[in-house]
Structures are given as C-alpha cells and as structure tokens.
Amino acid sequence: MIVAVLSSLAEPTRLEAMRLLADGSEYCVCELMRKLGATQSRMSRHMQVLKQAGFVVDRRDAQWVRYKINPDLSPRLVRLVEAALECHILAREDAV
C-alpha cells in the first residue's frame with residue numbers, strides 16, 4: 001500500500017491536483033485540466049490514480065465528475081500530503 005500511496009504523489013500533475021484540492025473545494029476534471037494544462041484523458045487517469053490511493057473521492061454531477069480530498073483521509077496521510085506539497089513548493093522556488 002505505501003508504494004501505491006507514495007508513487008501516486010510522485011507525479012507532478014497529481015501533486016499539483018492535490019495542491020488545488022487542498023483548498024477544500026470540489027473540482028471537475030474540466031477545471032483541473034484547464035488549471036494544470038492536461039488533456040481530459042490524462043487528467044482523468046491522474047485522478048483515478050489518486051482515487052485508488054485513497055486521496056480523493058468523486059461524485060457524479062450530470063455529465064461531470066467532481067473530485068475533492070477524501071474527508072476520511074487518515075491524519076498520517078494528511079501529513080504526508082502536506083509534506084509532499086511543501087517539498088514541491090520549495091523545489092519550485094529553488095528552480096527559479
């Protein structure tokens with residue numbers, strides 16, 4: 001399980017999706033695609049990986065699928081996501 005969890009966060013687009021979802025809002029794939037510059041099929045696949053790892057939940061809204069951070073995410077995984085996001089932000093700042 002830990003390998004699936006860590007590898008799901010290791011991909012930059014998925015980590016950026018988690019950063020967006022961290023505000024507590026729900027986002028449809030179309031919004032995530034636009035904000036992250038991904039195609040629909042690629043973004044859907046990324047969200048499926050995050051869902052399988054337990055980081056996000058989805059709900060159907062007519063023809064859209066909306067995602068949000070799993071409200072039942074364990075405190076350990078919340079801390080893991082926060083640490084990964086912090087490292088990602090610091091790495092981007094160092095690159096500038």
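Structural remarks
- Total residues in region 64-81, condition touching a residue at least 24 places away in the same chain (Cβ under 8 Å) and farther than 17 Å from Ser7 by Cβ: 6
- Of all residues in region 17-27, those satisfying the criterion of being surrounded by 19 or more Cβ atoms within 10 Å (Cβ to Cβ) and either out of contact with any His (no Cβ under 7 Å at 6 or more places or on another chain) or part of a loop (DSSP other than H, G, I, E, B) (or both) are Met18, Leu21, Tyr27.
- Selection count, region 58-96, where residues are exposed (fewer than 12 other Cβ atoms within 10 Å of the Cβ), hydroxyl-bearing (Ser, Thr, Tyr) and closer than 22 Å to Gln40 by Cβ: 0
- The number of residues in region 40-63 being closer than 17 Å to Gly24 by Cβ and touching a residue at least 40 places away in the same chain (Cβ under 8 Å) comes to 2.
- Looking only at region 69-88, and only at residues there that are part of a helix (DSSP H, G or I) and in contact with a helix residue (DSSP H, G or I) (Cβ under 8 Å, 6 or more places away or on another chain), the one that is modelled with the lowest pLDDT: His88
- Selection of region 7-39 for residues being more than 12 Å from Tyr67 (Cα to Cα), of a type in the set (A, V, I, L, M, F, W, C) and touching a residue at least 12 places away in the same chain (Cβ under 8 Å) yields Leu9, Leu15, Leu36, Ala38.
- Scanning region 39-63 for residues that are hydrophobic (A, V, I, L, M, F, W, C), assigned to a loop (DSSP other than H, G, I, E, B) and either modelled with pLDDT of 95 or more or within 26 Å of Met1 (Cα to Cα) (or both) yields Ala53, Phe55.
The values are calculated or read from the model by the stated rules, or taken from the named source; none is laboratory data. Just so it is clear, the model here is predicted, and its values are computed rather than measured. All Cβ positions, glycine included, derive from the backbone under ideal geometry; neighbour counts span all protein chains shown.
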